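Notes follow once the structure below has been shown.
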Amino acid sequence: MILKIKNLGPLKKAEVDLSKNILFFVGFNNSGKTYLSQVIWAIYNESFYTEFISTVNVNKISKVRKINNFKIEESTLKALLKEYQSFIKENIHKVFRSEQRNYSKFEIEFKLIQDSELLVANDFSVTFSNSFDKDDIINISTPSNDKRLEINLSKNRDLESIKRRIIHFLLLALFNGNSFYLPSIRGAYTTFY
């Protein structure tokens, strides 16, 4: 996934490939390294995307009215990324502990990398089980089966909360959920893994 940023502090334009295992930012003083690393930290920060999940209008991301019709389509992923972009744009001032008006020209965009992207909508496995001896279950997994979500529908029939759990799962899958962040420190390297 590519992260594109415009108009953030000294950064007029920046592009980062978030699919890389390690990111190093090296440059002159006041060139925007800290700004960029703080935005990436926010994207991967659990409390930041947990706030997003609790406040987002889930029906903008998924129009499904019955859970048995749920599919993860390209439009679902694009809508999720669009809503997350908007959330970050509106809340980036919290990361820098500043006023929102200071970031009025800030722009952010996530772009999936063509068909080579690790997670393509069609690659998610969504299955439903329904039998006499088992509860109704929805299972969602990533293509490599390294991330799974299981929702017991007999315990949770609220469609909105189910959508929120699925959105949370998709964010973890899209942004890898295994990031390690070392904060910006003068005289040291900032790394993301």
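The values are calculated or read from the model by the stated rules, or taken from the named source; none is laboratory data. Predicted, not measured: the structure shown is a model, and the values here were computed from it. Positions of Cβ are backbone-derived with ideal geometry, glycine not excepted, and every protein chain shown enters the neighbour counts. Just the protein is used for accessible areas: all its heavy atoms, side chains included, with ligands, DNA and RNA removed. Shrake-Rupley method; radii C 1.70, N 1.55, O 1.52, S 1.80 Å.
Numerical summary
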{"quantity": "The stretch 1-64 - percent of accessible surface contributed by carbon and sulfur, probe 1.4 Å", "calculated": "51"}
{"quantity": "Across LYS20/LYS94; LYS12/LYS82; LYS94/LYS163; LYS66/LYS105; LYS63/LYS94; LYS12/LYS163, pairs whose alpha-carbon gap is larger than 28 Å", "calculated": "LYS66/LYS105; LYS63/LYS94; LYS12/LYS163"}
{"quantity": "Extension gain from ARG165 to SER31, taking 0.36 nm per residue of separation minus the Cα-Cα distance", "calculated": "44.4 nm"}
{"quantity": "Sparse-neighbour loop sites [chymotrypsin sites (Phe, Trp or Tyr not before Pro); the stretch 18-112; at most 16 other C-beta within 10 Å; DSSP]", "calculated": "PHE28, PHE96"}
